[in-house]
């Protein structure tokens, strides 16, 4: 496949197509990754054990709502980006910058997704329960 002595790691760098360049998406990701950076600084261990509250001004709040339309979620894109079990998203006009607070999640450990999002010990969380119901219906 590769010439002698060459590998995929030594081949030329592939450049993404120019059509993929979208600065507005980059700005959205910068805001979310700024929150992720704060989570990393606040939590030295397993961030999935934590619940995060994100407070920000209305401009950034509106942008983050793209990742999480609801105020509180355990399965939004924002929870994935921050790698926490729950996110509470709050608009705060007095906030001059994005602020993240983290506390241990009140949820119980879900053995399927390995997050602290279940309402009851030993049971799947709501998200996993929906997935399992879909799978059960598919095999009938």
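The values are calculated or read from the model by the stated rules, or taken from the named source; none is laboratory data. Just so you know, these numbers come straight off a predicted model, no measurement behind them. All Cβ positions, glycine included, derive from the backbone under ideal geometry; neighbour counts span all protein chains shown.
Overview of values
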| quantity | calculated |
| --- | --- |
| Residue count for the stretch 106-118, restricted to those that are out of contact with any strand residue (DSSP E or B) (no Cβ under 6 Å at 6 or more places or on another chain), within 19 Å of residue 76 (Cβ to Cβ) and surrounded by 13 or more Cβ atoms within 10 Å (Cβ to Cβ) | 4 |
| Per-region count, the stretch 12-33, residues assigned to a helix (DSSP H, G or I) and either out of contact with any strand residue (DSSP E or B) (no Cβ under 9 Å at 6 or more places or on another chain) or over 15 Å from residue 81 (Cα atoms) (or both) | 13 |
| Residue 44 surrounded by fewer than 17 Cβ atoms within 10 Å (Cβ to Cβ), free of Cβ contacts under 8 Å to residues at least 24 places away in the same chain and closer than 30 Å to residue 128 by Cβ | yes |
| Pairs, first touching a residue at least 40 places away in the same chain (Cβ under 8 Å) in the stretch 106-135, second part of a helix (DSSP H, G or I), C-beta under 8 Å, six or more apart | 114/48; 115/48; 116/48; 116/49; 117/126; 117/127 |
| Residue that is modelled with the lowest pLDDT, among those in the stretch 1-39 that are surrounded by 10 or more Cβ atoms within 10 Å (Cβ to Cβ) and more than 30 Å from residue 78 (Cβ to Cβ) | 2 |
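Table: residues versus (1) surrounded by 12 or more Cβ atoms within 10 Å (Cβ to Cβ); (2) modelled with pLDDT of 95 or more.
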residue	(1), (2)
88	yes, yes
95	yes, no
104	no, yes
121	no, no
127	yes, no
139	no, no
